[in-house]
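Student: This structure is in C-alpha cells; I'll ask about it shortly.
The values are calculated or read from the model by the stated rules, or taken from the named source; none is laboratory data. Everything numeric in this text was worked out from a predicted model, so none of it was measured. Note: ideal-geometry Cβ built from the backbone for every residue, glycine included; neighbour counts use all protein chains shown.
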Amino acid sequence: MPFTVKDFRDLVRILEKHPEWQAELRRLILTEELLALPGLVRELADAQRQVVEQLLILGQQVRALAEIQQRTEERISALEEQVRALAEAQRRTEERVSTLEEQVRALAEAQRRTEEQVHALAEAQRRTEERVSALEEQVRALAEAQRRTEEQIRALAEAQQRAEEQIRALAEAQRHADERIKLLTDRMADVQGRVLEWRYREHAHAYFDDLLRRIHVLSTQELANLLDEPMARGALSRAERKEILMSDIVLRGRRWADDAEAFLIAEISVGIGEDDVERATRRAELLRRALERPVIAVVAGRGITPQASALARERGVWRILDGTPIAPHEE
C-alpha cells in the first residue's frame, strides 16, 4: 500500500500535536552527515570567499594560488565523497522512511482495531448496564415479594398462635368436660351399682333360690357379730374381718342337696370384671375359714367380660347375669 499525501498530512498533524516526536523523527530520518551538512556548506562558502579573495591577488600569489587550488580540489574531492555519502545516507533514509510509513500504517490499523474493540466494549458495557438494570428491577421485585412473604408468614404465625391458644383453651375445656363426664359416669356407675346391689338384696330369694333355700340376708351388724368369735379365737385377723364386712351381699341358707347350712357371698357389679371374681373368691375363702361352714362365691350383674367368665369357671365361682344363674362348670 503506497504512502499517500493524506497519510503524510496525518503524519504531519500527529507530529504537530506531539512536538517531542519531531526530534526523534529527525534523528531517525537524517544521518549525522546530513545533520552536519549545513556546517559543511557554511565552511564551503567561507572557502569560496577565500578563493575569490585569493583570485583578486592572483597575480601576486600564483604559487599561493596553485597551492590553494590544489587544496580546493582536494576539498572538492572530499566534498564529492561527502555528497556520495549523503546520497547513500538519503537512500538509507528513504528506506527508513518507507519502514516508518509501514509502521505508521500498522499503527493506523492497530488504532482502527482498537477503536472497533472500544466500540464493541462500549456496546457490551451498554448491554451489561441494561442487564444490570433488569437484574436490579428483579432484585427489587424479589425483595418486595420477600417482604410480602414475611408479612404473610408473620400473619400465619400470629394466626397459628391464636389457633394454638384456642386449641389449648378447647383442650382445657375438653379436659374439664372429660373430668366431669368421668365423674358423672363414675357417679352413675356407683348409683347403678348401688341400685343393682339393693335390687339383689331385696330380691335375694328370687335371685339366689337356685343355690340355697330358706335364705336370710345378713345385715352388716349380724355379719359383724358372727365374725367376732372367730377373730377372738385367732381364726381371723381384724383386716380380714373388715375385708368380709366390705362384701356386697352375705346371706345364710340351706343347700338343696343335703339341707346343710351354708353361706353365700356375692359381689354385685353392672359390668363384672376379673377384680370382682378375685374379691368374691378371696372373701368366700375368708368366711369359710372363719365360720367353718360351706361358702358359695358368686358374682352378679348385667354382663361379664370373657376374661372374668373364664376366671370364674377356673375358681369355681357362680355367675348370675340378669337373674340367670350359671354354674362354674357351665360356659
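Student: For G234, which of the numbered conditions (1) surrounded by 11 or more Cβ atoms within 10 Å (Cβ to Cβ); (2) outside any helix (DSSP H, G or I); (3) at pLDDT below 95 fails to hold?
Tutor: Every listed condition holds for G234 apart from (1).
Student: Scan the range 300-319 residue by residue and report those that are in a helix (DSSP H, G or I), buried (at least 17 other Cβ atoms within 10 Å of the Cβ) and under 60 Å from the mean Cα position of the chain (by Cα).
Tutor: A308, S309, L311 - these are the residues of the range 300-319 that are in a helix (DSSP H, G or I), buried (at least 17 other Cβ atoms within 10 Å of the Cβ) and under 60 Å from the mean Cα position of the chain (by Cα).
Student: Just to be sure I understand the filter: pairs with C-beta atoms under 6 Å, separated by 6 or more residues or on different chains, first member in the range 234-245 and in contact (Cβ under 8 Å) with a residue 12 or more places away in the chain, second member of a type in the set (G, A, S). Which pairs pass?
Tutor: These pairs meet every condition: A235/A290; L236/A290.
Student: Inside the range 246-293, can you point out the residues that are more than 17 Å from R313 (Cβ to Cβ), small (G, A, S) and not in a strand (DSSP E or B)?
Tutor: Across the range 246-293, the qualifying residues are S247, A257, A260, S269, A290.
Student: Here is a follow-up. Quick check on the range 240-272: of everything there that is of a type in the set (G, A, S) and buried (at least 16 other Cβ atoms within 10 Å of the Cβ), which residue is farthest from the chain's Cα centre (by Cα)? Spell out how you get there, then give the answer.
Tutor: Just the residues of the range 240-272 that are of a type in the set (G, A, S), to begin with: 247, 253, 257, 260, 262, 266, 269, 271.
Remaining after also requiring buried (at least 16 other Cβ atoms within 10 Å of the Cβ): 247, 253, 262, 266, 269.
Details: S247: 65, G253: 80, A262: 79, A266: 67, S269: 59 Å.
Step by step, filter the range 240-272, then rank; the result is G253.
Student: Quick one: which of E330, E274, E314 is without any contact (Cβ under 8 Å) to a residue 60 or more places away in the chain and closer than 17 Å to S247 by Cα? Break it down into steps so the answer makes sense when it comes.
Tutor: On the way: E330 fails: closer than 17 Å to S247 by Cα; E314 fails: closer than 17 Å to S247 by Cα.
Going through E330, E274, E314 in turn, the sole match is E274.
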